[in-house]
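The values are calculated or read from the model by the stated rules, or taken from the named source; none is laboratory data. Since the structure is predicted, the reported quantities are computational estimates derived from the model, not experimental observations. Glycine gets a Cβ as well: all are built from the backbone with ideal geometry, and neighbour counts include every protein chain shown.
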Amino acid sequence: MFLLFALLFLVIAIGGLTLAATWRPRLATAQAAALLVLTILLVLYAASEDSYRRGGISRWDAYGAKGIVTFAVVTGLVVAAALVVAHFAKPSRLGRVAALASAAAAALQVMAFVALTVN
């Protein structure tokens, strides 16, 4: 799970920085989809059983990371929506800002992933 999460993070981070530098509306939708997949993986990881504790307790309940996980999920959803809106909007400024925000949102989701892993 960690390798998939790390690979998606790298794709989103590099994609976000590339989109911010050279705006291409068609790629914004792909960036939004990748961010949504990363967000869904974070939610599934938070709901999964913590193998270290073994009592059937989820990572959501086992670690005190509810705040950062909630913030990361909401941020991922909002930024993905902004990328989709930017795809259809005329000015590319929104798209460039949303592209940079997607890289930041992916980094935030990695922090939430780590918070659900480390004791």
> Taking segment 12-40 as the region of interest, how many residues are surrounded by 17 or more Cβ atoms within 10 Å (Cβ to Cβ) and either more than 15 Å from A107 (Cβ to Cβ) or free of Cβ contacts under 8 Å to residues at least 40 places away in the same chain (or both)?
Replying inline: 7
> When you scan segment 74-86, how many residues do you find that are surrounded by fewer than 20 Cβ atoms within 10 Å (Cβ to Cβ) and touching a Leu at 6+ places or on another chain (Cβ under 9 Å)?
Replying inline: 2
>> For segment 3-105, give me every one of the helices (runs of 4 or more DSSP H) that falls completely inside it and has 2 or more residues that are of a type in the set (F, W, Y) and in contact with a helix residue (DSSP H, G or I) (Cβ under 9 Å, 6 or more places away or on another chain).
In response: 66-88
>> Given (1) crowded, with 19+ Cβ neighbours inside 10 Å; (2) at pLDDT below 85, identify the lone condition not met by R54.
In response: (1)
